[in-house]
1. Pick out, from 654, 573, 549, the residue whose Cα sits farthest towards the positive end of the charge dipole of region 523-658, with +1 on the Cβ of Lys and Arg and -1 on the Cβ of Asp and Glu.
2. Quick one: with all protein chains in place, what share of the accessible area of the chain is carbon or sulfur, to the nearest percent (1.4 Å probe)?
3. Would you pull out the residues with amide H under 5 Å of residue 346's amide H, same chain only if 5 or more places away, H placed 1.01 Å from N?
4. By per-residue mean of other Cβ atoms within 10 Å, what is the highest-first order of 241-247, 628-634, 278-284?
5. Take each of the peptides 107-119, 465-477, average the number of other beta-carbon atoms within 10 Å over its residues, and list them starting from the highest.
6. Provide the descending list of Cα extents for region 145-227 along its principal axes, expressed in whole angstroms.
7. Between residue 429 and residue 510, what FRET efficiency follows from the Cβ-Cβ distance if R0 is 30 Å, with the result rounded to 0.05?
8. Past 26 Å, Cα to Cα: identify those pairs from 147/472; 222/558; 92/333; 94/333; 92/217, in the order given.
Amino acid sequence: MTLLSIHNLSLPIEDPVLKFLLVLIIILSAPLLLNKIKVPHLLGLIIAGAVIGPNGFNVLSRDSSIVVTGTTGLLYIMFLAGLEIDMGDFKKNKWKSLTFGIYTFTVPFILGYLGASYILGFSTLTSILFASLFSSHTLIAYPLVSKLGIAKNPAVNITVGGTMITDILALLVLAVIVGMSQGDVGTEFWIKLSASFIVFGLIVLFLFPVIGRWFFKKVDDKISQYIFVLVMIYLAALLAELAGVEAIIGAFFAGLALNRLIPHTSSLMNRVEFVGNAIFIPFFLISVGMLIDFKAFFKSWETLEVAGIMLVASIGGKYLSAVATQKTFRLSKEEGKLIFGLSSASAAATLASVMVGYNIILSETETGEPVRLLNEHVLNGSILLILISCTISSFVSMASAQKIAESDNEDTVSGNSHEEENILLALNYEDTVERMVNLGILIKAHSNTDNIFALNVINEDKNESSVKNAEKVLHHATVTAADADVIMQPLKRYDNDVINGVNNVIKEQKITDLVIGLEDEKGFSPSFVYNLYNGYLQNNHVNVLVYHAAQPLSTIKKYAVMIPENAHREAGFFHALLRVWNIARNSGATIVFYASENILDILQRIIKKANIEAEFIIMNAWKDGEVTASQLKEDEALILFMAKRGMQSYIPRMRLIPELLNKNLQSHNYLLIFPFSELSEDDPEKRAVGNHGDFMEIGNVIKKIFK
């Protein structure tokens, strides 16, 4: 029996194996072929969908399998936009996002209404719905921008926030017009719509984080965690539809709700992005391409006229809105272009509105022809709009995003001395490996992917089982790091003395940060405290971090950071402060600083340079901090800046900290940071900082490193 006789190769292809194979080949080929000629692969996928779709060569039909997977891709785009948004930036830019949302809704709406009413002669109801088609947009270029590493650029944050606003307004217009066409718009309609939307928002934004935090605490299985994320996306989308708005709004809200529970550096985030960018989003773009029918534009001049007005209203309106936003907030030209590029694509919401309007029949002609709210010319014109707007969006976004990324790299090159950021995880117990690795990834700079080491010291007189255990621990560490796309360098060392082995590795690898983990049950044992103060802390050029994890890092809402008097005078204070900055930036948690007034003043001046959420509370005495620490709520963690005897910030009561933590915070996460006490003579940047008396200059150096 031959292959041809086994499979039915008539068009369109129905065999599921051949269908999926063909789509995968397209997804694989688009980037490889189009990147060489500088064409965004997003556009290539749309064109490929048009060629193989029912309006092209009819190789594949746009059946339920394509629609379902493509719908997931659309929801994924909106979910990622909400998930990756920097909440600190989002709160700072909320008024900018609101302004842009009003601009990008109003300007295209006015142009569309004028064209529909005065040029095409549509009725008032049809003109309003026609105009709303151009107010919404789809962030099809967002994955491209995110891949270039500028997802936290202010222009991107403003656009993403504005997208939510303009899409909601456009879809509300659709709901109202549909209601008016059916004659049921009244007080009851508005009360029902408002109430349902408020209930939907409260459930997703407040209840989803509670459910997510509980789930991530109870379930460690990686596959289950990913499936849970998909459940949340679709559940939010369903709740949005029940509330009377489009599913894409629900997906975006789900991203905002889970934003703080999925750290940007975590393995779960890596899996979410990987599956979306590899499968679901390409399927969506191909499914959009399948809607394009080039033949429709040659059937009627009226179709071309309608399409022309749609293009002017949509592309022109989005361009004017982007320029207005750029001028209003004094953004750079490239940032203005990026706003235009991201917001110029019409696809999901536009298509949904057109299909709804096309399916509403207002009356019939004398010959029995249906009179639709939106006619066939608008339907065909919207297909041309999707093709051209997605093309413009892809090219403009790619060009401006690349220039912004290159500019960012040039600005931060002086701070990229990341060979000086070498993090060593001292691993002894397998049950602490995953938590230790997650912390190591959280405190490192984004650009460092291979400057993190895992060490297990084996006593030379121990048996073969110790060697196997060491290999098992190090393998677990490397696999956990690989899940987050981080290269972990495993180090296995033989030495009669564990501390001596660790110290030798610190010298050999030029370690800047040593992370030591505590076992849950034991906490601070007398032997550990002795080894800490008489062994690990004897390294004067290394930050020492002692970590206790009682729950996953992603479930921590807030960190209380206690800083003793004169801590800012220690040589390693600002270097250690970067670790706190990175925890806040990478996890999205709020940082509450407790310190003396002069230290808080320094922190507040530096904090303006960083996009993290922070609060500042004056701590008059170290005793006050101990009381606050003992009263931490669930899902709150503690970070203590410590010092050893002889340092300027040392306080005798620090010797009591291990006992207090064992007694009061056994069920909480806490991190003790011992900044290094001496500058390394082979580090010119540290020497320059250490010899400079101006703390803002130190802050500027931190800013460079932080970038």
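1. Highest projection toward the positive end goes to 573.
2. Working: 17800 of 30300 Å².
Solvent-exposed carbon and sulfur of the chain make up 59 percent of the total.
3. For residue 346, whose amide H was placed from the backbone, the distant partners under 5 Å are 138, 389, 390.
4. Numbers: 241-247: 19.4, 628-634: 14.4, 278-284: 22.3.
Final packing ranking: 278-284, 241-247, 628-634.
5. Going by the mean number of other Cβ atoms within 10 Å, highest first, we get 107-119, 465-477.
6. 52, 34, 19
7. Values: r = 26 Å, r/R0 = 0.87.
Plugging the Cβ-Cβ distance into 1/(1 + (r/R0)^6) gives 0.70.
8. On the way: 147/472 34 Å; 222/558 24 Å; 92/333 21 Å; 94/333 21 Å; 92/217 30 Å.
As for pairs spanning more than 26 Å Cα to Cα, those are 147/472; 92/217.
The values are calculated or read from the model by the stated rules, or taken from the named source; none is laboratory data. Note that the structure is predicted; figures quoted are calculated from it, not measured. With ideal geometry, Cβ positions are generated from the backbone for all residues, glycine too; neighbour counts draw on all protein chains shown. Ligands, DNA and RNA are excluded from the accessible area calculation, which covers all protein heavy atoms including side chains. Shrake-Rupley method; radii C 1.70, N 1.55, O 1.52, S 1.80 Å.
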